[in-house]
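This report concerns only the one structure given below.
The values are calculated or read from the model by the stated rules, or taken from the named source; none is laboratory data. All values reported here derive from a predicted model rather than from experimental measurement. When we count neighbours, we look across all protein chains shown, and the Cβ atoms used for this are built from the backbone with ideal geometry, even at glycine.
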Amino acid sequence: EDTRRGFTDHLFASLERRGIKTFKDDYDLKRGEKISNELNKAIEESMFAIIILSPNYASSTWCLDELQKIVECNKSFGQAVFPIFYGVDPSDVRHQRGSFDEAFRKHEEKFRKDRMKVERWREALREVASYSGWDSKDRL
């Protein structure tokens, strides 16, 4: 949410102008809902995934569910993944420090009975944070 109305919209529009078919996550997803079948299908059928990792990224269970699906597709189908570290240090994402640590503490409390869910999110985030990507501090 913290990049949706700015950076993400500009990136989306730029890719569309260049004729690159894009799919953004569900704007209408309500709190507590799972990611839609349409979004799951779009992730599965994509050749490439861009993940914008921002300070509030790990606070969103939707983002983490999408991330987990993207990592599964990367491992199963070789889907290319390109992380953008927008306003976050890649090392903080990889090691889940700062806002990422805070978010996961809350998830662990909320999902006390499903610790494996949180661990799968953590592992997906560590995986993606280890990929070569773009760090916004190099340009801002």
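The table below lists the values:
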| quantity | calculated |
| --- | --- |
| Leading residue by the ranking (surrounded by the most Cβ atoms within 10 Å (Cβ to Cβ)) among those in segment 94-140 that are out of contact with any Asp or Glu (no Cβ under 9 Å at 6 or more places or on another chain), among the acidic types (Asp, Glu) and part of a helix (DSSP H, G or I) | GLU127 |
| Enumeration of residues in segment 26-52 that are modelled with pLDDT of 65 or more, assigned to a loop (DSSP other than H, G, I, E, B) and under 15 Å from GLN68 (Cα atoms) | SER36, SER46 |
| Residue match in segment 91-102 (condition: in contact with a helix residue (DSSP H, G or I) (Cβ under 8 Å, 6 or more places away or on another chain) and closer than 24 Å to SER36 by Cβ) | no |
| Residue check, ARG120 of a type in the set (Lys, Arg), without any contact (Cβ under 8 Å) to a residue 12 or more places away in the chain and over 16 Å from SER136 (Cβ atoms) | no |
